[in-house]
Amino acid sequence: MKFLRAMKKLKIKQQIIAAVMACVLGIGGIYSVHASVINDAKNKKNEAQQELDNLNSQIDEIQAAQSDLQEEMDAYDDQLMALLTDMDLLENDMDAKQDEIDQANADLEVAQEKEQTQYNAMKTRIQYMYENGDSNYWEAMMGATSITDLLNRVEYVSEVYDYDRKQLTAYQETVQQVADLKDQLNAQLAEMEELKISYEDQASSLQALIAEKSAAMDNFDAQLASAKSLASQYADTIKKQNQIIADEQARQAAEEAAARRAAQQQQQNAGNQSNTTGSDTNASASGSGTGLTSSGLNPAHTTNVSGSDVVAFASQYVGYPYVYGGNSLTEGADCSYFVMACFGQYGISLPRNSYSMQSCGQAVSYDCAQPGDIICYPGHVAIYMGNGRIVHASSPTNGICYGSATYRTILTIRRVL
């Protein structure tokens, strides 16, 4: 009788052990299936994240190149506008110079006519005196009534001759002056015409440069649109893979809970059977729990550095500028350099890019996050301050500032202290 009772107790113990093992194996199988899906989703997400980071870098480079190109185009536009203004002024000067040349031509014609008239008058008087010969001259002299009258007649003839000569000389000088002025004006106009050709060549060159830069800008626009489109696709991929991971983790937790409940039910049934036979198996049943839970991740700290000290140090630089690729906390830093420099102050070495920081230290659940933990977003990192707040190098617009930890999708939280 005792042998049969012992055998029955042994059978009940075996049933309890079998139930526990079934639970463990069932949960293990569940974990294995879900782990495969989750790992696949994480690999796809990491690949997409790496591509997205590369595209974001390309986008930043394209935008920087666009900005430089726009400055060049603006400078060329300014030069062209100044040149066109100079050309308008030159056209006005050339018109005015042509008016001066026309007036000089008219003045020259008048002066030449006066010179010819004076020459003809003088020639007529000389011819008269020559044709009449000395008899008229002597008759004029002999006709004088007194020496004074004689002298007056001689002086008169001399004055007429001097007057004719002076007038002719004056008209000839006037003609020469007007001719010289005309030559000078023509030379100035020729110089202006050469300058006009030079302006036209410069304008043509500037317009060709602007057209070339405009084509390059269109090319940048196309590249930027393509990169942003791909970046959007990768962001969607990351979002979908995050959802797959979350769904699989939820399903895993639910299936694990169901498996535990089934094992507990089997243990309870075995315990009831043991009570019915009067055996004392409660102690064995109560000590058979697996201890597997789905509680959050909260690893222990591995350094003596205070997360609050890191946060306090980082907070000193709130208000300083964000610069893509920048390596100065005061002159300008991007998100990864900001985090790297703040932790480096306390001897914690971190990689230079946000993607690599996702694998640093140990994973932490958001509900267990503590000051000094690193929150990783798609293409971005920040330092957790506690109470749902972060300090980070945000953007060129916001610079280094505070913000909400949940303002974007969180990829992972890492504890490196």
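The values are calculated or read from the model by the stated rules, or taken from the named source; none is laboratory data. Just so we're clear, the structure is a prediction, and the values are computed from it rather than from any experiment. Here the Cβ positions follow ideal geometry from the backbone for every residue, glycine too, while neighbour counts run over all protein chains shown. In case anyone asks, the SASA skips ligands and DNA or RNA and just uses the protein heavy atoms, side chains included. Shrake-Rupley method; radii C 1.70, N 1.55, O 1.52, S 1.80 Å.
Within the set A225, A254, the sole residue that is more than 28 Å from N54 (Cβ to Cβ) and either in the same structural domain as L55 (by the TED database) or open to solvent by 60 Å² or more (accessible area, probe 1.4 Å) (or both) turns out to be A254.
What number of residues within the range 297-311 satisfy the criterion of being open to solvent by 40 Å² or more (accessible area, probe 1.4 Å) and touching a Cys at 6+ places or on another chain (Cβ under 9 Å)? Steps first, answer last, please.
Narrowing the range 297-311 to residues open to solvent by 40 Å² or more (accessible area, probe 1.4 Å): 297-298, 300-304, 306, 308-309.
Filter once more, keeping what is touching a Cys at 6+ places or on another chain (Cβ under 9 Å): 297-298.
Number satisfying all stated conditions: 2.
Among the residues of the range 22-56, the ones that are farther than 14 Å from Q249 by Cβ, modelled with pLDDT under 55 and open to solvent by 40 Å² or more (accessible area, probe 1.4 Å) come to 3 in all. The residue pairs whose first member lies in the range 349-360 and is among the charged types (D, E, K, R), whose second member is buried (at least 19 other Cβ atoms within 10 Å of the Cβ), and whose beta carbons are closer than 9 Å, counting only pairs six or more residues apart or on different chains, are R352/S336; R352/Y337; R352/M340. The residue of the range 233-251 that is nearest to D77 (Cα to Cα), among those that are of a type in the set (S, T, N, Q) and open to solvent by 60 Å² or more (accessible area, probe 1.4 Å), is Q233. Looking across I59, I101, one residue alone is buried (at least 16 other Cβ atoms within 10 Å of the Cβ), at pLDDT 85 or above, over 30 Å from D221 (Cα atoms) and assigned by the TED database to the domain that holds I244. It is I101.
Take Y322 and decide whether it is within 27 Å of D60 (Cβ to Cβ) and touching a Gly at 6+ places or on another chain (Cβ under 6 Å). Walk me through it before giving the result.
Details: within 27 Å of D60 (Cβ to Cβ): yes; touching a Gly at 6+ places or on another chain (Cβ under 6 Å): yes.
For Y322, the condition - within 27 Å of D60 (Cβ to Cβ) and touching a Gly at 6+ places or on another chain (Cβ under 6 Å) - is met.
The one condition from (1) farther than 13 Å from L417 by Cα; (2) open to solvent by less than 60 Å² (accessible area, probe 1.4 Å); (3) over 32 Å from the mean Cα position of the chain (by Cα) that A314 does not meet is (3). Quick check on G379: is it more than 29 Å from the chain's Cα centre (by Cα), buried (at least 19 other Cβ atoms within 10 Å of the Cβ) and of a type outside the set (S, T, N, Q)? No: the conditions fail for G379. Pairs linking a residue in the range 188-214 that is among the β-branched types (V, I, T) to a residue that is surrounded by 12 or more Cβ atoms within 10 Å (Cβ to Cβ) and assigned to a helix (DSSP H, G or I), with Cβ atoms under 9 Å and 6 or more positions apart or on different chains, are I210/M73; I210/Y76; I210/D77; I210/L80. Answer yes or no as to whether V339 is within 27 Å of A64 (Cβ to Cβ), open to solvent by 20 Å² or more (accessible area, probe 1.4 Å), outside the structural domain of K240 (by the TED database) and touching a strand residue (DSSP E or B) at 6+ places or on another chain (Cβ under 6 Å). No.
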